[in-house]
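Have a look at the structure below, then the notes.
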Amino acid sequence: MVPRPGATNEDEGWVLIVIWNGARNGSDLVILNASTMAEQAVIELPVAMPYGLHGSWASL
């Protein structure tokens, strides 16, 4: 979950998901609207991301 700057509700922002795209044998980053779960964008990643990849976010 990436919060929208200045958000006042907890579902204002985007959900980022890395998925395996078997049609092209590569990973995609899918960006969803957090409040509706509607697809906002799909970005084809230049490398395959391994299953179990985890990350962390920190405010700067």
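The values are calculated or read from the model by the stated rules, or taken from the named source; none is laboratory data. The structure presented is a predicted model; accordingly, all values stated were derived computationally and were not measured. No Cβ is skipped: glycine too gets one built from the backbone with ideal geometry, and neighbour counts run over all protein chains shown.
Results, tabulated for the structure shown:
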item: Matching option when the condition is among the polar types (S, T, N, Q) and at pLDDT 90 or above, among SER59, SER35; result: SER35
item: Count of the range 34-51 residues which are of a type in the set (S, T, N, Q) and out of contact with any strand residue (DSSP E or B) (no Cβ under 7 Å at 6 or more places or on another chain); result: 2
item: Filtered residues of the range 6-32 (kept if under 22 Å from SER59 (Cβ atoms), part of a loop (DSSP other than H, G, I, E, B) and at pLDDT below 95); result: GLY6, ALA7, THR8, ASN9, GLU10, ASP11
item: Count of residues meeting criterion [exposed (fewer than 14 other Cβ atoms within 10 Å of the Cβ) and within 14 Å of the chain's Cα centre (by Cα)] in the range 5-19; result: 2
item: Residues being outside any strand (DSSP E or B) and surrounded by fewer than 11 Cβ atoms within 10 Å (Cβ to Cβ) - total across the range 33-47; result: 5
